[in-house]
Amino acid sequence: MKRRELLLGAMGAPWLGASPVQAQGTASWPTRPVKIVHGFGPGGPVDLLARLVAAQFADSFGQQAVVEGKPGAGGTIGANFVAKAEPDGYTLFLMASGHAAAPGLYASLPFDAASDFTMISMIARSPFAIVAATDAPFKTVQELMQQAKATPGKLNYGSGGQGTGMHLTAVLLQARSGITLTHVPYRGGGALNTAVIGGEVPFMFTSLAGMTPLIEAGRLRPLAVTSKDRYPGLPEVPTVAETVLPGFDVSAWYALAGPKGLPIGIVARLNQMVRATLARPEIIETLRVQAAEPWSTTPQEAQAFLTRDVAHWTRVIREEKISAPS
């Protein structure tokens, strides 16, 4: 099969309308180091995933990739940098699920969260979890919901901060189930874990990353995960969907993207790299340590997912009148 046929087959029919100019120079790309930008500080899950992707560049393309975090404003500073970058393949974006919430949280943004980015592939997803103190008065998520319904607004919960994925998951659960909880935001997961263990709040909506040691030590009790399917790392923990709210499905996600107009040839080569990377057993294990599962897609699937997720969270945030983090 000819090279052009292979490329079009990899990218799919929706890309057939791209102009020949967009494809120029893609065969020789990259001829210098590539920058992978994200909107958060060092050491977190987004930074770790960005570095995981960057480590593949030398073997795949013969060039290095460097990771650059641009933290602030809920990740939108990094997103804006990429949206305004030249679409030449030398500036990429490690996008996280909070990106989809930004249009709802902020009155205005200097970019369009969906249409100003070229999606390359989803990379991973990780469920949130409802986790309680071991001495909390409820031992299951069903008991928690019963108490919440019996005492509207009296039951406090913690999250990693206003407008975070943890908080928005709790907001969506309340909106769909008709319960009312009181939100107590904390600055980051460490402070949140300490607050629940110490009894400041009886339970939390949280990321599963880093939670396993605390759960195995008996210091915290997981009540449910928020994804459609059970999390393989905690197979005995039920989902919200199977216990109290059918159809409920929320996970944190991560993706690789570039600016709008990224040439289709570069997108195809990067997508192939992501797919090969996520199939490797050692990469799968690295992700699972972070409570994440590999999730590779076509560019079209990723673009469609982003468009839907932006619309979904914009609607939820505005209907529930959630304010941006201060």
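The values are calculated or read from the model by the stated rules, or taken from the named source; none is laboratory data. Predicted, not measured: the structure shown is a model, and the values here were computed from it. Here the Cβ positions follow ideal geometry from the backbone for every residue, glycine too, while neighbour counts run over all protein chains shown. Surface areas here come from the heavy atoms of the whole protein model, side chains and all, with no ligands, DNA or RNA. Shrake-Rupley method; radii C 1.70, N 1.55, O 1.52, S 1.80 Å.
If you filter region 155-254 for GluC sites (Glu not before Pro), then keep DSSP loop positions with at most 16 other Cβ within 10 Å, what is left?
Answer in residue order: 200, 236.
Can you tell me how region 18-110 classifies by the Cα gyration tensor, rounded, prolate or oblate, using a/c under 1.5 as the rounded cut?
Numbers: a/c = 2.74, a/b = 1.39, b/c = 1.97.
Oblate.
So, with a 1.4 angstrom probe, what is the percent of accessible area on the chain that is carbon and sulfur?
Carbon-and-sulfur percentage of accessible area, whole number: 54.
Above 23 angstrom, tally the Cα pairs of region 72-196 and express them as a % of all pairs, no decimals. Kindly include the intermediate steps, with their values, before the conclusion.
Working: 3453 of 7750 pairs.
In whole percent, the share of Cα-Cα pairs in region 72-196 beyond 23 Å is 45.
What is the Cα convex hull volume of region 135-218 when expressed per residue in Å³? Mind dumping the intermediate values first?
On the way: hull volume 7.7 nm³, N = 84.
Measuring per residue, one finds 92 Å³ for the Cα hull of region 135-218.
To check my understanding: the extent here is largest minus smallest coordinate of the Cα atoms along each principal axis. What are those three numbers for the chain, in Å, largest first?
Its Cα atoms span 65, 41, 33 Å along the three principal axes.
Over region 195-326, average the accessible area per residue using a 1.4 Å probe and give it in Å², no decimals. Kindly include the intermediate steps, with their values, before the conclusion.
Working: 5830 Å² over 132 residues.
Roughly 44 Å² per residue, with all protein chains present.
Name the residue farthest towards the positive end of the dipole of region 234-284 from the options 279, 257, 237, assuming +1 on Cβ of Lys and Arg, -1 on Cβ of Asp and Glu, about the Cα centre.
In region 234-284, that residue is 257.
Of 320, 301, which has the most accessible area with a 1.4 Å probe, and how do the rest follow in descending order?
The most accessible residue leads, giving 301, 320.
Roughly how many Å² is the accessible area per residue of region 91-151, as a whole number, for a 1.4 Å probe?
33
Within the chain, how many Lys pairs sit with Cα atoms under 19 Å apart, leaving out pairs fewer than 8 places apart on the same chain?
7
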